[in-house]
Amino acid sequence: MKTENSEIATYNFAYLDEQTKRMIRRAILKAIAIPGYQVPFASREMPMPYGWGTGGVQVTASIIGRTDCLKVIDQGADDTTNAISIRKFFEKTTGIATTTHTCEATVIQTRHRIPEVPLKAGQTLVYQVPIPEPMRFLEPRETETRKMHALEEYGLMHVKLYEDIARNGRIATTYAYPVKVEGRYVMDPSPTPKFDNPKMNDCEALQLFGAGREKRIYALPPHTKVVSLDFEDHPFEVNKFEKPCALCAAEQVYLDEVILDDQGSRMFVCSDTDHCEERRAAGHRGELAGHALEAAQ
Amino acid sequence: MYVAVKGGERAIENAHLLLADRRRGDRAVPEVSLDQISNQLALAVDRVMAEGSLYDRDLAALAIKQARGDLIEAIFLLRAYRTTLPRFGSCEPIDTSEMKIERRISATYKDLPGGQILGPTFDYTHRLLDPELAGSENSNTRENPKERAPNGAKAQRVSEILAREGLIETDGEASSEAPLDITQKPMEFPLERESRLQALARGDEGFLLSLGYSTQRGYARNHPFVGEIRIGEVPVSIQAPEIGSPVVIGRVHVTECQMVNQFKGSATAPPQFTRGYGLVLGQSERKAMAVALCDRALRAGELGEDRTAPAQNEEFVISHCDNVQATGFVEHLKLPHYVDFQSDLELVRKMRADQGSQKDASITSEAAE
């Protein structure tokens, strides 16, 4: 199976050889069968650096087919440099269609965000994961953390969250906020802001997590129960923004702070660029959208 | 008015064009050829082949040229190519006693069968910059080296000399199964020694050098002696089922270091010397020695020694010795992280506000008293 593009004719469709894809698919199937469990896999060296999405790229390369439509986001945006680079990599090695529209995509590779629009059955969200082990910063030894998962010994994590509350009056974890999957495995949601954690729960889409450097794959099959760790008297809560998006007036979305001048004035805009653009196309206007505010706003 | 940033794609293209331009440098200066790199920067090529785990001088030279001399970048280029190559099978274990020796020294014996052969070494050079090399050197005027004709005596490995008296641990049996390939199977800790040695052989020279050095300075000190270092070509052979015996398919240049370390014995083992072992593709004595020091330190568990130092910690050493992984993850900090930073920003603001209102409250209550 060669790509049509003669310039790169020496590489297989989606770069990886079929044997490697098969190996990765086996790891994915195992991960789907045991939601939240980190499956070791023989991660390959990829033509982009470790830490730049090699795990996600390997997962995407193993599942993508000629009829798929791919969207790649980084920080929620399609036009961040590394998202462009990964999208171009797949355009070059597969020749398949790509899109920036969340609803059109069958496979979405992401770093640090989950799209605002709820994902649908048939879609797959592929996360790039730097450190798959949620307890790595509490216990650096892999031999120990694997044992802790096997024995379902998650006390350490609760102690950490408790100490946060004792010191700061609140849980001071704002991203990569640990979750419990189907009441069994504690899982790192990748460094998405905790704002996105609730979207993982009971999601219609398949969620796959690839950590290339750390050689682990894990998964959340559709409609998996995903609960953010918390305490009865300190329930999990997501960050709330005081103002809506300055461009599309969206509320209850994740916003980026943009510095406007050297006087420290700033505005807040949607981190999900596609969501923001579609809302503006639909006529929603924020206060800095550069158009007269509509009466409806 | 704020406009969402676009045009990243064009910026990336232009950055890469600029990179290509800078790589070529001043067009008035002749372009460096792969042959020049391969011949005159041979040790750089050796390092890239060793840590890239691909024995191909031309490809390594190309990678060095493309990487503008950044060796870790060159190693990365070679690895990313290597990963796409099909595996035909495993060769037979190479036999370093069959080596066509270019250099062979032992620090534990004054003389030994096969002799001490200095070979092409920086040792005992005075590190004085050579002005003659700065000009367009006429290499023909340089004196040709005189090499002693080989006397035909087989250069026995020092470990074999010691093993005759039972003074040193033996090689052990090679496993009959094909060796585990750490680039094809996920590593799981604790590792077998063969996997560990594979990881060390492709590990970063600088990292392993410093770790080896730390063992000499008391962090897991184990009294090493250089039993032997040998550099040269060894034949590589495969089992060809049609022929029924191993067939030599080529030769590779390797550096082997056997460190001899004291061991006071245990309940089951008599006092004898133990070994740290390093084998590296190409000529890289420093790396082979560092690997041997680290290998010995990492055997602490197997030999019943206390694990107290970083060099003895297998997960620490093996998880961090790969420079392609390390450089990728360190440099990924350059990627945008503004979404997570925003979360932290909000939290810090909130915590500062909390602290401020607590202070205000205490001031008011003090005033009221």
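Values quoted throughout were computed directly from the atomic coordinates according to the rules given, and no laboratory measurement underlies them. The structure presented is a predicted model; accordingly, all values stated were derived computationally and were not measured. Ideal geometry is used to build each Cβ from the backbone, glycine not excepted, and the neighbour counts take in all protein chains shown.
Ranking A:Met48, A:Thr110, A:Tyr177 by how far each Cα lies toward the positive end of the dipole of chain A (charges on Cβ) leaves A:Met48 at the top.
Across all Cα atoms of region A:70-118, the radius of gyration (one decimal) and Dmax (whole number) stand at 10.0, 29 Å. Helix B:57-66 versus the longest principal axis of chain B: what angle, 0 to 90°, nearest 10, using Cα atoms? Tilt of helix B:57-66: around 30 degrees.
Think of region B:215-258 as having a plus end and a minus end, set by charges on the Cβ of Lys, Arg, Asp and Glu; of B:Gly250, B:Gly227, B:Gln216, B:Gln216 sits farthest toward the positive end of this dipole. Just going by the charge dipole of chain B, with Lys and Arg at +1 and Asp and Glu at -1 on Cβ, which of B:Val29, B:Thr96, B:Ile168 is farthest out on the positive end? Of the options given, the answer is B:Val29. With an a/c value of 1.5 or above and a/b not larger than b/c for the gyration tensor axes a ≥ b ≥ c computed over the alpha-carbon atoms, chain A is described as oblate.
Largest GNM mean-square fluctuation among B:Val32, B:Val260, B:Val348, using chain B with Cα springs under 10 Å: B:Val348. Hey, what angle do you get for helix B:71-82 against the long axis of chain B, alpha-carbon based, 0 to 90 degrees rounded to 10? Once rounded, one gets 80 degrees.
In chain B, one over the average inverse separation of all distinct C-alpha pairs is 24.7 Å, which is the Kirkwood hydrodynamic radius.
Separation of the alpha carbons by more than 21 angstrom is noted, of A:Lys147/A:Lys225; A:Lys21/A:Lys215; A:Lys180/A:Lys240; A:Lys30/A:Lys225; A:Lys71/A:Lys180, for A:Lys147/A:Lys225; A:Lys180/A:Lys240; A:Lys71/A:Lys180. For region A:1-113, the equivalent ellipsoid derived from the Cα gyration tensor has semi-axes of 20, 19, 14 Å, listed largest first. Evaluated at q = 0.13, 0.15, 0.23 Å⁻¹, a Debye calculation over the C-alpha positions of region B:204-300 (equal weights, vacuum) places log10 I(q)/I(0) at -0.56, -0.67, -1.07.
Rounded if a/c is under 1.5, else prolate if a/b beats b/c, else oblate: with a ≥ b ≥ c from the C-alpha gyration tensor eigenvalues square-rooted, which is region B:56-125?
Oblate is the answer for region B:56-125, as a/c is 1.5 or above yet b/c matches or exceeds a/b.
Using the alpha-carbon atoms, what tilt in degrees (0 to 90, nearest 10) does helix B:8-24 show relative to the longest principal axis of chain B? Once rounded, one gets 40 degrees.
Ordering B:His337, B:His16 by the number of other Cβ atoms within 10 Å of each residue's own Cβ, fewest first, gives B:His16, B:His337. Here the relative contact order of chain B, from alpha carbon pairs under 8 Å that lie six or more residues apart, stands at 17 percent. How many lysine pairs does chain B hold where the Cα atoms are under 26 Å apart and the two sit 8 or more places apart or on different chains? Going through chain B pair by pair, I get 15. Computed about its Cα centre, the charge dipole of chain B is approximately 620 debye, with only Lys, Arg, Asp and Glu carrying charge at their Cβ.
Springs join every pair of Cα atoms under 10 Å in this Gaussian network model of chain A, and among A:Asn82, A:Asn201, A:Asn239 the largest mean-square fluctuation is at A:Asn239. A simple spin-label model places pseudo-atoms 7 Å from Cα toward Cβ; at B:Gln156 and B:Thr268 they are separated by 3.0 nm. State the Cα centre-to-centre distance between region B:292-365 and region A:136-193 in whole Å. One Cα centre to the other: 15 Å. Residues whose amide H comes within less than 5 Å of that of A:Cys270, counting only those at least five positions distant or on another chain, are A:Ala246, A:Leu247, A:Cys248, A:Asp256 (H built at 1.01 Å from N in the peptide plane). What is the calculated FRET efficiency for A:Asn168 to A:Glu242, with r their C-beta to C-beta distance and R₀ = 25 Å, to the nearest 0.05? Here the calculated transfer efficiency is 0.75.
Here region B:8-82 is assigned +1 on the Cβ of each Lys and Arg and -1 on the Cβ of each Asp and Glu. Its dipole about the Cα centre then comes out at about 60 debye. Using equal-weight Cα scatterers in the Debye expression, the normalised intensity of region B:8-82 in log10 at q = 0.11, 0.14, 0.24, 0.26 Å⁻¹ is -0.30, -0.47, -1.01, -1.09. Applied to region A:269-274, the Karplus parametrisation 6.51 cos²θ - 1.76 cosθ + 1.60 on θ = phi - 60° returns per-residue 3J(HN,Hα) values of 10, 3, 6, 7, 5, 5 Hz, with x for Gly and Pro. Considering the zone a paramagnetic label at A:His234 would reach in this model (a point 7 Å from Cα along the Cα-to-Cβ line), which residues of region A:169-200 have amide N under 13 Å from it? The answer is A:169-174, whose backbone nitrogens lie closer than 13 Å to the label point. Remark on A:Arg113: its backbone amide H falls under 5 Å from those of A:Gln75, A:Gly76, a criterion applied only to residues 5 or more positions apart or on other chains, H modelled at 1.01 Å from N.
Around the Cα centre of the protein assembly as shown, unit charges on the Cβ atoms of Lys, Arg, Asp and Glu (plus for the first two, minus for the last two) sum to a dipole of about 1040 debye. Applying the criteria of a DSSP loop state and at most 15 other Cβ atoms within 10 Å to the GluC sites (Glu not before Pro) of region A:190-297 yields A:Glu204, A:Glu232, A:Glu237, A:Glu242, A:Glu251, A:Glu287, A:Glu294. When you restrict to C-alpha pairs under 8 Å that are six or more residues apart and normalise by the size of region B:8-82, the relative contact order lands at 27 percent. Note: relative contact order over chain A, using C-alpha pairs below 8 Å and six or more positions apart, is 20 percent.
The calculated P(r) of the protein assembly as shown, using every Cα pair and 10 Å bins from 0, goes 3, 12, 21, 22, 18, 13, 7, 3, 1, 0, 0 in percent. Volume per residue of the convex hull around the Cα atoms, evaluated for region B:1-125, comes out as 230 Å³. For region A:161-190, the residues whose amide N sits under 15 Å from a probe point set 7 Å from the Cα of A:Val227 along the beta carbon direction are A:178-187.
Pick out which of B:Lys350, B:Lys65, B:Lys185 has the largest mean-square fluctuation in a Gaussian network model of chain B, springs linking Cα atoms closer than 10 Å. Largest GNM mean-square fluctuation: B:Lys350.
Taking 0.36 nm per residue of separation and subtracting the current Cα-Cα distance, fully stretching the chain between B:Arg68 and B:Leu128 would add 19.0 nm. Put a dot 7 Å past the Cα of B:Tyr219, heading toward its Cβ, do the same for B:Gln355, and the two dots end up 3.3 nm apart.
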